[in-house]
Amino acid sequence: MFKKIIKGGHRKPSKSDPNDASLYGYGPPGNRNSGSVATANVVVNHASRAGPVSKGPNSGISWVSVATPSGTIELLPAFRDVPVAERQNLFIRKLQVCCFLCDFSDTLKSVREKEIKRQNLLELVDFIQSGSGKITETCQEEMIRMISVNIFRCLPPASHENTGQENADPEEEEPCLEPSWTHLQLVYELLLRYVVSSDTDTKVAKRYIDHSFVLKLLDLFDSEDPREREYLKTILHRIYGKFMVHRPFIRKAINNIFYRFIYETERHTGIGELLEILGSIINGFALPMKEEHKLFLVRALIPLHKPKPISLYHQQLSYCITQFVEKDFKLADTVIRGLLKYWPVTNCQKEVLFLGELEEVLEATQSAEFQRCMVPLFRQIARCLNSSHFQVSERALFLWNNEHIVSLIAQNRTVILPIIFEALEKNVQSHWNQAVHGLTVNVRKMFMEMDAELFEECQRQYVEREAKAKEVEEQRELTWKRLADVAAQNGG
């Protein structure tokens, strides 16, 4: 409760000019088109929407510039109660009513206005969904303006920004649910129905669903309300599919969100949803893959393994990475070396995630690519085998349960066994966990059956190294003893 009170009291500083009404869709209907809005630096995430808003007679309502002359929400008839010829005009009047922003900080305030707006939104959604009639270009423009007024708003700051706790765990933070969701959900539903409708002409719609609109949608992915992020994910995916002209721009904009997350903030609640969209996009990439897509893998997706809160989006990230390798198996070496570059040193839970992803990548890896990276790869796996955290050691040993990986290892056993033999022997001799001990014995037996001669040679070399190490240790102890004796004599 304390977190929610704090969240309601502050607003993040604006990154855009708050006096530019065109950024938020508040300008007059004839002025909002794809050419009238600068798209280069439009950032609305957590920005204060201090645009042309004035207060009406009822303190519970924020009256936007599209307010009716009477200054009150008028009760409009249902679409079924008016002749077909008048429905387009009624559609616009209902949109204007829905531009009124209600105050949800007090549930008892403006109850009548909230219900009127909700009923109007429901009717608008039904009207679009039923396809009762093709809506005019003016209606489409007004509708996108109404949607912009409602959804493009100031997001509350995250908990750590209020309390100053830099090291707060994002997984432990309670999401701040949007109090106006009863209205917002219907607005999002209206936008979704408009985008997916077969009656929507993309040549007309792209004038209003332009780059500026898409950027502001992307900024809303930082909302803490998971219901809102789910709608945004579906809508953006549909926009990507329907508006081919926006595809490169959307990919680049998502790229920029990832860069900021990786190298600046390490704070963003919508990374998982954005990766889900990308998973579908990557799945549709044509072959041979463009250089632009490969650069996206190297510069954005692989570095996403670096941030601490990776557990929040690792499942989606792993799917995207695997999709790349399945599309083009030659990328396996790049991906595996990228994983090794960002391999965690002290975070065991993160290490378990990496091992799981590694198995999925190796399953799609061909022999030639495997040979390029197997030496550094199995050096890292050897370190995992000897981990004192039993889950890391156990997960590494589970790699030998995968038939494809075992076949790759068998083909290259002369290189791999000498690298990991010492780790296997140490586990058998001294690992504290019984399950790890048992799995290690099974892997050891597997290598013995693969190539008994190689196994015996590795064992002989291991015994020699251990004997030399013991001899060096004894020599060191003897030297220290002599030094101690000399010091004792001098002291006497």
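The values are calculated or read from the model by the stated rules, or taken from the named source; none is laboratory data. Because the structure is a prediction, the values reported are computed rather than measured. Every residue, glycine among them, receives a Cβ derived from its backbone with ideal geometry; neighbour counts consider all protein chains shown. Keep in mind that these areas ignore ligands, DNA and RNA; they rest on the heavy atoms of the full protein, side chains included. Shrake-Rupley method; radii C 1.70, N 1.55, O 1.52, S 1.80 Å.
A few comments on the model shown:
- Pairs from the table (Lys242/Lys290; Lys216/Lys341; Lys117/Lys203; Lys445/Lys468) lying more than 24 angstrom apart at Cα are Lys216/Lys341; Lys117/Lys203; Lys445/Lys468.
- Heavy-atom accessible surface of Ser197, to the nearest 10 Å², is about 20 Å², with a 1.4 Å probe and all protein chains retained.
- Virtual spin-label span in nm between Phe390 and Thr182, 7 Å along Cα→Cβ: 5.2 nm
- Coil-residue chymotrypsin sites (Phe, Trp or Tyr not before Pro) of the range 331-435, DSSP, other Cβ within 10 Å capped at 16: Tyr342, Trp432
- Gained length - Ala487 relative to Arg260, 0.36 nm times residue gap less alpha-carbon distance: 75.7 nm
- Cβ-Cβ FRET estimate between Asp199 and Asp106, R0 fixed at 60 Å, reported to 0.05: 0.90
- Distance between modelled label sites at Cys154 and Ala286, nm, 7 Å Cα→Cβ extension: 4.7 nm
- One Cα centroid belongs to the range 231-279, the other to the range 366-396; the line between them spans 32 Å.
- Segment Ala452-Val84, length gained on full extension (0.36 nm per residue, minus Cα span): 123.9 nm
- Rounded to 0.05, the FRET efficiency of the Arg337 and Leu122 pair, given R0 = 41 Å and the Cβ-Cβ distance, is 0.15.
- FRET efficiency for Lys252 and Val428, using Cβ-Cβ distance with R0 set to 60 Å, rounded to 0.05: 0.70
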